[in-house]
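Scroll down for the structure; my scribbles are underneath it.
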Amino acid sequence: MDLLRVKKGFQLAGVDTGSTPGFLGKKKDSTGALDEGAGVFSHLQEMFYANSRDGDPRKILLVLQAMDTAGKGGIVRHVVGSVDPQGIQYTSFKAPTKAELTHDFLWRIRRHAPRNGMIGVFDRSHYEDVLIARVRSLAPAAEIEKRYDQINQFEQELADDSTTIVKVMLHISSDEQKSRLAERLARPDKYWKYNPGDVDERMRWDGYQEAYQVAIDRTSTGAAPWFVVPADHKWYARLAVQHLLIDALQRMHLDWPAATFDVAAEQARLAAS
């Protein structure tokens, strides 16, 4: 966590998107490492969920933000998908509907905050309202400026309600994004992933990098720190996010909930049945 956590003076432009902080292996080593981590993650997640059935109010929120093609879907499939789905609360935020636009920008976000014992996943999030909204001038500058403080207040409320917040920016280079978009155009089985609008957003690359820098500067707090994960290597990004979640769970010092019944008596009843 310390290697990826945003610290004072952080500069997004200074991150090597092809680096692999904390992992000395290569791609060939990553499969075994991810499988090993999946076992640990699954065990901890099951204990986490089990404790909620016994009244434990804790929950986790994983926020995934990134430029297009950075690998959010792969994180969801290969990392989050390795645990029991009944303990996952996944939300993919698209452009707000007409009904949602009649409310403040956090209204639809609050409705999907994770419940006790759940790992909530936001595939994009409330940060779109200070990223794309800033780059495309979808709201007045003064309104966007207010949203940073509103986000901090919202996330503090979540933290005060026993939510561990893990905010991840998957950071890829412009060249890597171009290569991934080209692959989608070269393979019929990838056409469904391609959106012509992705190129429109790509043309605003510098604006997005600036918007991310401002958002990270304004909203990386003790209650909800940002983690910037180099993502030119998909295999590394998956390992990194997996271990951020493992770390969050390990810090909870979980154990299995105690039985709420007389175990010996129940064993005797079962044997006699």
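The values are calculated or read from the model by the stated rules, or taken from the named source; none is laboratory data. Computed from a prediction, not measured in an experiment: that's the story for all the values here. Neighbour counts run over all protein chains shown; Cβ positions are idealised from the backbone, glycine included. Ligands, DNA and RNA are stripped out before the accessible areas are found, and what is left, the full protein with its side chains, is counted by its heavy atoms. Shrake-Rupley method; radii C 1.70, N 1.55, O 1.52, S 1.80 Å.
Taken over the range 161-207, the residue count meeting the criterion of being closer than 14 Å to ASP68 by Cα and open to solvent by less than 20 Å² (accessible area, probe 1.4 Å) is 8. Would you say ASP16 is open to solvent by 20 Å² or more (accessible area, probe 1.4 Å), modelled with pLDDT of 95 or more and part of a loop (DSSP other than H, G, I, E, B)? The answer is yes for ASP16. Tell me yes or no: at least one residue of the range 44-63 is under 21 Å from ILE172 (Cα atoms), outside any strand (DSSP E or B), of a type in the set (Phe, Trp, Tyr) and open to solvent by 40 Å² or more (accessible area, probe 1.4 Å). No, the range 44-63 contains no residue that is under 21 Å from ILE172 (Cα atoms), outside any strand (DSSP E or B), of a type in the set (Phe, Trp, Tyr) and open to solvent by 40 Å² or more (accessible area, probe 1.4 Å). Scanning the range 249-271 for residues that are over 33 Å from the mean Cα position of the chain (by Cα), open to solvent by 100 Å² or more (accessible area, probe 1.4 Å) and not polar (S, T, N, Q) yields PHE261, ARG269, LEU270. Of the residues in the range 115-122, none is assigned to a helix (DSSP H, G or I) and either over 27 Å from GLN177 (Cα atoms) or more than 14 Å from the chain's Cα centre (by Cα) (or both).
The single condition among (1) touching a helix residue (DSSP H, G or I) at 6+ places or on another chain (Cβ under 7 Å); (2) touching a residue at least 12 places away in the same chain (Cβ under 8 Å); (3) more than 26 Å from ASP217 (Cα to Cα) that VAL80 does not satisfy is (1).
Taken over the range 1-13, residues that are touching a Pro at 6+ places or on another chain (Cβ under 7 Å) and in a loop (DSSP other than H, G, I, E, B) amount to 3. Among the conditions (1) free of Cβ contacts under 8 Å to residues at least 12 places away in the same chain; (2) open to solvent by 70 Å² or more (accessible area, probe 1.4 Å), the only one that ARG136 does not satisfy is (1). Within the range 17-50, the set of residues being within 30 Å of ALA259 (Cβ to Cβ) and over 20 Å from the mean Cα position of the chain (by Cα) comprises MET47, ALA50.
ALA142 meets all of the listed conditions (1) out of contact with any Lys or Arg (no Cβ under 9 Å at 6 or more places or on another chain); (2) surrounded by 18 or more Cβ atoms within 10 Å (Cβ to Cβ) but one, namely (2). If you go through the range 69-112 and keep only what is buried (at least 19 other Cβ atoms within 10 Å of the Cβ) and part of a loop (DSSP other than H, G, I, E, B), you end up with THR69, ALA70, GLY71, VAL79, VAL83, PHE105. Among residues of the range 118-129 that are within 23 Å of GLY87 (Cβ to Cβ), none has a beta-carbon under 7 Å from a residue that is of a type in the set (Asp, Glu) at least six positions away or on a different chain. Annotation note: of ILE246, ILE216, the sole residue that is open to solvent by less than 40 Å² (accessible area, probe 1.4 Å), within 21 Å of PHE41 (Cα to Cα) and either at pLDDT 95 or above or outside any helix (DSSP H, G or I) (or both) is ILE246. Number of residues in the range 123-138 that are of a type in the set (Ser, Thr, Tyr) and more than 16 Å from the chain's Cα centre (by Cα) equals 1. For TYR148, the conditions (1) open to solvent by less than 10 Å² (accessible area, probe 1.4 Å); (2) part of a helix (DSSP H, G or I); (3) closer than 22 Å to VAL76 by Cα are fulfilled apart from (3).
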